[in-house]
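Written out below as structure tokens is the structure these notes cover.
Laboratory data are not the source of any read-out in this text; all were calculated from the coordinates shown. Small disclaimer: the values here were computed from a predicted structure and weren't measured. Reconstructed Cβ throughout: ideal geometry from the backbone, glycine too, with neighbour counts over all protein chains shown.
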Amino acid sequence: MQLIDGKLVSQQIRSELKAEVERMVEQGMRRPHLAVVIVGHDGGSETYVAAKVKACEEVGYRSTRIAFEADVTEEQLLQKIDELNRQADLDGFIVQLPLPSHIDEQKITLAIAPEKDVDGFHPVNVGRMNLGLPCFLSATPAGIIELLRRYQIPTQGKHCVIIGRSNIVGRPVATLMAQKGYPGDATVTICHSRTQNLKQICQTADIIIAALGRPGFVTSDMVKPGAVVIDVGTTRVPDATRKSGFRLAGDVDFEHVAPLCSYITPVPGGVGPMTIASLLLNTMQAAKQTQNLL
Ligand code: NAP
């Protein structure tokens, strides 16, 4: 069994991007510039945004944090998005979700110019992904694909079972795994809460991607020996031994499943660290597009 070390891969990506930024600057180009918009004071969101800003600094990007109080109106937020869409020295931006309930998240997502949508949530980017055209891939699916690529895990003709059909993980990762080329060319089955015989379907999987948010759901009797298991789940479960009072639990019963696998991602330290790396990769792509380097 080999552990897929997302932390290590994400550090490798950061080093590569840092070197690329230095080359760009030497050649007189502008540093990639990412803005992150945050609304309110949700603890989780503040942590994620701080991590994104720190990651930008680490690789030498310029970053701008734009904070609004929770009572900002939808109109004020849309006005800011319009400004950011037109800001010439800004390559990409994201609006950290979730937003307060009086703001329509879909309206916000649609307002972001697709060429600056480094979260890859705009329907134009989602549509382009479905057509196999160049686009910004959303962070988690892109991170999973990058892990498979970096570990050179064979996917062609393999049966990939995905548990979960959300718009941010299950469905896009299914599309990518079924796309022509590597990593892809897999035969994909998407399972969800209405799936019958889920256990039997998983038993036929060469690759299982678990993204349902149910700790320990994938048990050893569901996994074929030699399978590759990608655990996307990150559920906070109470843990009195931790300073935070919780720990992150994956969707896979790691202790019993890991010995059966050829490759497996741990939680934490697997898919999670890849999401910021994917955002940095998208921002680099946006910066190159803005500066006509692609
Ligand atoms: P979500 O929107 O809640 O979707 C969950 C999916 O799992 C749904 O399609 C649901 O089916 C399916 N499901 C739920 N219970 C099931 C069951 N008992 N059997 C089969 N399918 C079941 O979740 P999400 O946003 O995709 O996230 C999934 C997990 O990944 C969460 O733990 C989340 O925290 C984590 N996550 C991690 C990262 C990361 O960076 N590591 C990023 C994003 C998400 P229905 O459609 O039928 O309801």
If you check every pair at least six apart or on different chains, which have Cβ atoms under 9 Å apart with a residue in region 241-255 that is under 25 Å from residue 219 (Cα atoms) first and a residue that is exposed (fewer than 13 other Cβ atoms within 10 Å of the Cβ) second?
246/237; 246/238; 247/237; 247/238; 247/241; 248/237; 249/237
On the given criteria, is residue 268 within 11 Å of the ligand (Cβ to nearest atom) and part of a loop (DSSP other than H, G, I, E, B)?
yes
Subset of region 245-265, residues part of a loop (DSSP other than H, G, I, E, B) and either near the ligand (Cβ under 8 Å from one of its atoms) or buried (at least 22 other Cβ atoms within 10 Å of the Cβ) (or both), comes to 250, 251, 261, 265
Does residue 287 satisfy being over 17 Å from the mean Cα position of the chain (by Cα), of a type in the set (Gly, Ala, Ser) and within 16 Å of the ligand (Cβ to nearest atom)?
no
Would region 273-294 turn up any residue that is assigned to a loop (DSSP other than H, G, I, E, B) and under 28 Å from residue 157 (Cβ atoms)?
no
So which of 99, 147 is in contact with a strand residue (DSSP E or B) (Cβ under 9 Å, 6 or more places away or on another chain) and within 15 Å of the ligand (Cβ to nearest atom)?
147
Taking the condition of being within 20 Å of residue 233 (Cα to Cα) and of a type outside the set (Ser, Thr, Tyr), how many residues in region 146-197 meet it?
24
Output for region 21-44, where each listed residue is out of contact with any Gly (no Cβ under 9 Å at 6 or more places or on another chain), on the phi < 0 side of the Ramachandran plot and surrounded by fewer than 17 Cβ atoms within 10 Å (Cβ to Cβ)
23, 26, 27, 29, 30, 41, 43, 44
Matching strands (runs of 3 or more DSSP E) fully within region 182-243 where at least 2 residues are among the aliphatic types (A, V, I, L, M), within 12 Å of the ligand (Cβ to nearest atom) and closer than 18 Å to residue 262 by Cβ:
207-210
Pair list, Cβ < 9 Å and 6+ apart or interchain, from region 153-174 residues that are at negative phi to residues that are of a type in the set (Lys, Arg) and assigned to a loop (DSSP other than H, G, I, E, B):
163/214; 171/165; 174/165
Members of region 90-138 that are among the polar types (S, T, N, Q), farther than 20 Å from residue 177 by Cβ and assigned to a loop (DSSP other than H, G, I, E, B):
96, 101
